[in-house]
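Below: the structure, in structure tokens.
No lab work stands behind these numbers, since they all come straight from the coordinates. All values derive from a computational prediction rather than experimental measurement. Note: ideal-geometry Cβ built from the backbone for every residue, glycine included; neighbour counts use all protein chains shown.
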Amino acid sequence: MTRWLNPDEQRTWRAFLAASRTLMETLDRELQRDAGMPHAYYEILVRLSEAPERRLRMSELAELTGSSRSRLSHAVARLETAGWVRREECPTDRRGQLALLTEEGFATLAAAAPGHVEGVRRHLFDALSPAQVDQLRRISEALTDHLSRP
């Protein structure tokens, strides 16, 4: 038997979808305009910048960014063309590859980060009270925990 959404749940679901989509589209548009990259590329650069020696196995990077391996491989190829990322063979596994953030990539990320963080602050945090920020964090953690269970 289908458990249909009641009117309040339907309104909440649609508001969540609209807010999530609009926020990500806005941040993506701003990164494209200001830094010449989509949000997906920015996230790859961030993940690499936070990794030891600024490098990660491609499979781990795909998992961290929520990308398929083929989609990540395509994105990394573009980032290589820009000179922001370089691929290396994995020294412990001949089948694996590492993605390495180059100095140019790190400089590009450092230049893009202030504008992106300001956008996140302006479009998300400035619109919420401190109590709502806390609620959003707790709700997001609860959803992530629930969806991460096998």
Q: Multiply the residue separation of Asp34 and Val120 by 0.36 nm, subtract the distance between their alpha-carbon atoms, and state the gained length in nm to one decimal.
A: 29.6 nm
Q) Binned at 10 Å from 0, what are the whole-percent values of the Cα-Cα distance distribution for region 19-148, short to long? A) 12, 36, 33, 16, 2, 0
Q | Length-normalised contact order for the chain - Cα pairs under 8 Å, 6+ apart - percent | A | 21 percent
Q.
Ignoring everything except DSSP H segments at least 4 long, calculate the 222 nm mean residue ellipticity for the chain; use -39,500 (n - 2.57) per segment, divide by total residues, nearest 500.
A. -23000 deg cm²/dmol
Q) Which order results if Val85, Val46 are arranged by neighbouring Cβ count within 10 Å, fewest first? A) Val46, Val85
Q) What residue among Leu136, Leu124, Leu100 shows peak mean-square fluctuation when the chain is described by a Gaussian network model with Cα springs under 10 Å? A) Leu136
Q.
I need the trypsin sites (Lys or Arg not before Pro) found in region 51-150, filtered to DSSP loop residues with at most 14 other beta carbons within 10 Å of theirs.
A. Arg94, Arg95
Q | Loop GluC sites (Glu not before Pro), region 1-98 (other Cβ atoms within 10 Å of the site Cβ: 12 or fewer; DSSP) | A | none
Q: Just rank His74, His123, His39, fewest to most, by other beta-carbon atoms within 10 angstrom.
A: His74, His123, His39
Q: Rounded to the nearest Å, what's the spacing between the alpha carbon centres of region 118-135 and region 57-73? Just the number, please.
A: 29 Å
